[in-house]
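What follows is one structure encoded as structure tokens, with my remarks underneath.
The values are calculated or read from the model by the stated rules, or taken from the named source; none is laboratory data. Since we're looking at a predicted model, the values are computed, not measured. Quick reminder, even Gly has a Cβ in these numbers, built from the backbone with ideal geometry, and neighbours come from all protein chains shown.
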């Protein structure tokens, strides 16, 4: 059964192009991906991402459980702070990437990918040998990502929280659109700035309407998952299922910065050995030099036509007007400036490894 979010009727009413995604009927685009992409880069756009998963982990053993199942060091968090992390598995891959929110010293919210809700819940439950209290609030929680340089101005009239003063990767709880206990998070998946707003399903339609009324003079528009993908790729953000999965190493994926060996966690010894000894492949970003669009699973080759990797994500960048992509390549080809060739049907199109992100705000 395909699920709907609380806002699905509104998307249909707005004539959104709908498609199944992670078990949900989701809006892919409204006016077109390029126009929506530009709206987020230049003004402000609203994504319904209520398909994402939210778990509450609480009680005296909450931090210990999170420390054991995640790669980052959650002990560094203070109330109101957020951390990007991942769940390593015992085979050296990644169960999921996630955000860890510290609500209090013994209460946390984990935000996980929609396609992995059941898998993640089962994995944490399996490690929960101390009776830590766990609540899966995914089904009753709605989430709007309100992204773009004008997001703070567009939303400020709806809350007493000073949005402009909120630092990146922090959150506050308060009144929003007249509703208590709404969590506003200075996070996002676009690189354009903005907020993610969590609230109970029953408030979804009234909050959506209030946000669009408040943002009208700032050019606010609804944005689909198509533009969410092009925006995240321009920033070099990984997409679970494409760039990372159950078989990709956090070290190979460039997640060394969220893999902290100051504590013990699942498979930490093996990952430490990878960090110290190196990995055979690395995830890189590349820009097309020849005209062409790299696509998922296209082969990456060297100048002699030898296969050295595969494209994991690729698109025509709306901001840069060129083909961009990410993929795993043999480590000897991972240095910035290295020449690569993307096999598109029977043609070998030239590309070059570049430092991420592709898109710079300056």
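Can you tell me which residues in region 304-315 are surrounded by fewer than 18 Cβ atoms within 10 Å (Cβ to Cβ), touching a strand residue (DSSP E or B) at 6+ places or on another chain (Cβ under 7 Å) and over 17 Å from residue 245 (Cβ atoms)?
Narrowing region 304-315 to residues surrounded by fewer than 18 Cβ atoms within 10 Å (Cβ to Cβ): 304-307, 310.
Adding the requirement that they be touching a strand residue (DSSP E or B) at 6+ places or on another chain (Cβ under 7 Å) leaves 305, 307, 310.
Once the filter is applied, which keeps residues that are surrounded by fewer than 18 Cβ atoms within 10 Å (Cβ to Cβ), touching a strand residue (DSSP E or B) at 6+ places or on another chain (Cβ under 7 Å) and over 17 Å from residue 245 (Cβ atoms), region 304-315 yields 305, 307.
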Residue 170 fails exactly one of (1) touching a helix residue (DSSP H, G or I) at 6+ places or on another chain (Cβ under 9 Å); (2) surrounded by 14 or more Cβ atoms within 10 Å (Cβ to Cβ), namely (1)
Of all helices (runs of 4 or more DSSP H) fully inside region 1-71, the set with 3 or more residues that are out of contact with any helix residue (DSSP H, G or I) (no Cβ under 7 Å at 6 or more places or on another chain) and without any contact (Cβ under 8 Å) to a residue 60 or more places away in the chain is 8-13
By residue number, the members of region 246-255 that are surrounded by 15 or more Cβ atoms within 10 Å (Cβ to Cβ) and either closer than 21 Å to residue 294 by Cβ or out of contact with any strand residue (DSSP E or B) (no Cβ under 7 Å at 6 or more places or on another chain) (or both) are 248, 249, 251, 252, 253, 254
Among the residues of region 128-141, the number that are surrounded by 15 or more Cβ atoms within 10 Å (Cβ to Cβ) and assigned to a helix (DSSP H, G or I) is 1
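Conditions tested, residue by residue: (1) at pLDDT 95 or above; (2) crowded, with 19+ Cβ neighbours inside 10 Å; (3) farther than 14 Å from residue 252 by Cβ.
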| position | (1), (2), (3) |
| --- | --- |
| 277 | yes, no, no |
| 283 | yes, yes, no |
| 295 | yes, no, yes |
| 298 | yes, yes, yes |
| 338 | yes, no, yes |
| 342 | yes, yes, yes |
| 351 | yes, yes, yes |
| 357 | yes, no, yes |
Within region 254-293, the residues that are more than 29 Å from residue 229 (Cα to Cα) and not in a helix (DSSP H, G or I) are 261, 262, 263, 264, 265, 266, 267, 278
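So is residue 90 in a loop (DSSP other than H, G, I, E, B) and at negative phi or not?
Details: in a loop (DSSP other than H, G, I, E, B): yes; at negative phi: yes.
So residue 90 passes the test.
For residue 358, state whether it is under 15 Å from residue 288 (Cβ atoms), part of a loop (DSSP other than H, G, I, E, B) and touching a strand residue (DSSP E or B) at 6+ places or on another chain (Cβ under 7 Å).
Working: under 15 Å from residue 288 (Cβ atoms): yes; part of a loop (DSSP other than H, G, I, E, B): yes; touching a strand residue (DSSP E or B) at 6+ places or on another chain (Cβ under 7 Å): yes.
Judged against the criteria, residue 358 is a match.
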Notebook entry, point to check: Hey, any hits in region 207-221 for a residue that's within 30 Å of residue 318 (Cα to Cα), within 22 Å of the chain's Cα centre (by Cα), at pLDDT 95 or above and assigned to a loop (DSSP other than H, G, I, E, B)?
Noted result: yes
Residue hits (region 97-121; touching a helix residue (DSSP H, G or I) at 6+ places or on another chain (Cβ under 8 Å) and part of a strand (DSSP E or B)) are 98, 100, 102, 107, 108, 110, 112
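Confirm whether residue 212 is in contact with a helix residue (DSSP H, G or I) (Cβ under 6 Å, 6 or more places away or on another chain), surrounded by fewer than 22 Cβ atoms within 10 Å (Cβ to Cβ), more than 21 Å from residue 73 (Cβ to Cβ) and touching a residue at least 60 places away in the same chain (Cβ under 8 Å). Quick ask: steps written out before the conclusion?
Numbers: in contact with a helix residue (DSSP H, G or I) (Cβ under 6 Å, 6 or more places away or on another chain): no; surrounded by fewer than 22 Cβ atoms within 10 Å (Cβ to Cβ): yes; more than 21 Å from residue 73 (Cβ to Cβ): yes; touching a residue at least 60 places away in the same chain (Cβ under 8 Å): yes.
Judged against the criteria, residue 212 is not a match.
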Screening 272, 283 for residues that are closer than 23 Å to residue 96 by Cβ and free of Cβ contacts under 8 Å to residues at least 12 places away in the same chain leaves only 272
Among (1) within 17 Å of the chain's Cα centre (by Cα); (2) buried (at least 20 other Cβ atoms within 10 Å of the Cβ); (3) farther than 30 Å from residue 158 by Cβ, residue 288 falls short only on (1)
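Here are 324, 251: which of them is part of a loop (DSSP other than H, G, I, E, B), under 23 Å from the mean Cα position of the chain (by Cα) and at pLDDT 95 or above?
On the way: 324 fails: part of a loop (DSSP other than H, G, I, E, B).
When all the criteria are applied, what remains is 251.
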Restricted to region 143-159 and to residues being outside any helix (DSSP H, G or I) and out of contact with any strand residue (DSSP E or B) (no Cβ under 6 Å at 6 or more places or on another chain), the residue surrounded by the most Cβ atoms within 10 Å (Cβ to Cβ) is 150
